[in-house]
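We did not get these values from a lab; they are worked out from the coordinates using the rules stated. Small disclaimer: the values here were computed from a predicted structure and weren't measured. Please note: Cβ atoms are built from the backbone with ideal geometry, for glycine as well, and neighbour counts cover all protein chains shown.
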Amino acid sequence: MTFSAALAGQMSRPFSALFRAAAIVGVLVLAGCVGRDEFVVEEAVPAADLFAEGMAAYDAQRYGDAIDAFGELDRRYPYSEQGRRGLVLMADSQYNLSRWEDAIASAERYMLLYPSSPDADFALFLIGEAHLRQVPDVTRDQDAARRGLEADQELVERFPNSPYAEQAQLNIVAVKDQLAGQEMLVGRYYQERRDYVAAINRFRSVVENYGDTRHVEEALFRLTETYLAMGLASEAQTAAAVLGHNYPNSPWYQQAYNLLGAGGLQPRRGGGWLGGLFN
């Protein structure tokens, strides 16, 4: 007979009031004993005290202690004003200890909870900076660069008067140059292997997406080379014409001009996507 069946059988017989009372007391005593060692009453530390503890450690550059205090504050008082301020300071403390992913996670959580708060610009700045600290050289994956660029662009667009906007703008210039550099590296790789369509896609990406970087002049020259190699003379002439129109003194334009001249051609404005680049 199972325990539930036995209990049902007992319940079918009449209980005396005294027996029922004793049974209830026994159950309550048993319930109180189960898990008694696991039940811990936490001391009620006010949010202001935890924040003050974290600030004292933060100001003293004891960032590990600050993280502990602000983390406890976030756990106990996640939606308080002290908790809000502590969360972004925890992200900064993690950043100062080079704990990039932790800093990104804390700052992104801050942006999720408080997207329009007074410290939102600083949280975005931390996200961008932490990503940029992890950017490898152009031969490796540039996901960190792209994610840092997104954070800095959002900062500049949403908070143009932020004290962090100027540095974010400088970061944007540097990251775009990095990303364009990788596109050029991959484009040249394909070009050397005569995978011309893949090469053109990379060079076109530089021209269209990173036209304000130093790589755009070479990209236009490589387009001239690649189109000629494919027998697309008109496109090659247009690429060289765009290069000469926008960068008449560029050494890359001189090379493009000479390359066309060797085949009896000259730069000439044409149509297509390149034709829309004259400005």
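Once you list every other residue whose beta carbon is under 15 Å from the beta carbon of R222, what net charge do they have if Lys and Arg are +1 and Asp and Glu are -1?
Every neighbour counted, the sum reads -2.
Note on the range 178-275: dipole from Cβ charges, positive end direction compared against Q255, A180, L228; the farthest Cα belongs to L228.
Starting from the Cα gyration tensor of the range 221-262, take the square roots of the eigenvalues, sort them a ≥ b ≥ c, and report rounded, prolate or oblate (rounded when a/c is under 1.5, otherwise prolate if a/b is larger than b/c, else oblate).
Values: a/c = 2.17, a/b = 1.66, b/c = 1.31.
Prolate is the answer for the range 221-262, as a/c is 1.5 or above and a/b outweighs b/c.
Electrostatic tally near D195: other residues with Cβ closer than 12 Å to its Cβ, Lys and Arg +1, Asp and Glu -1, net +3.
Treat every Asp and Glu Cβ in the range 122-279 as -1 and every Lys and Arg Cβ as +1, leave all other atoms uncharged, and give the resulting dipole magnitude about the Cα centre to the nearest 20 debye.
Values: 15 positive and 19 negative charges, 94 e Å.
In total the dipole reaches around 460 debye.
For the range 156-279, a/c is not less than 1.5, where a ≥ b ≥ c are the root eigenvalues of the C-alpha gyration tensor, and a/b tops b/c. That puts it in the prolate class. The chymotrypsin sites (Phe, Trp or Tyr not before Pro) of the range 245-279 that meet both conditions, a loop assignment by DSSP and at most 14 other Cβ atoms within 10 Å of the site Cβ, are F278.
Compute the signed sum of charges (Lys and Arg +1, Asp and Glu -1) over the other residues within less than 13 Å, Cβ to Cβ, of Y210. Display every interim value, and only then the final one.
Numbers: positive: R146, K176, R202, R204, R214; negative: D177, E183, E208, D212, E217, E218.
Around Y210, the charge tally is -1.
How about the range 52-96: which trypsin sites (Lys or Arg not before Pro) there lie in a loop by DSSP and see at most 16 other Cβ atoms within 10 Å? Answer by residue number: R62. When you filter the trypsin sites (Lys or Arg not before Pro) in the range 205-279 for DSSP loop state and at most 15 other Cβ atoms inside 10 Å of their Cβ, you are left with R214, R268, R269.
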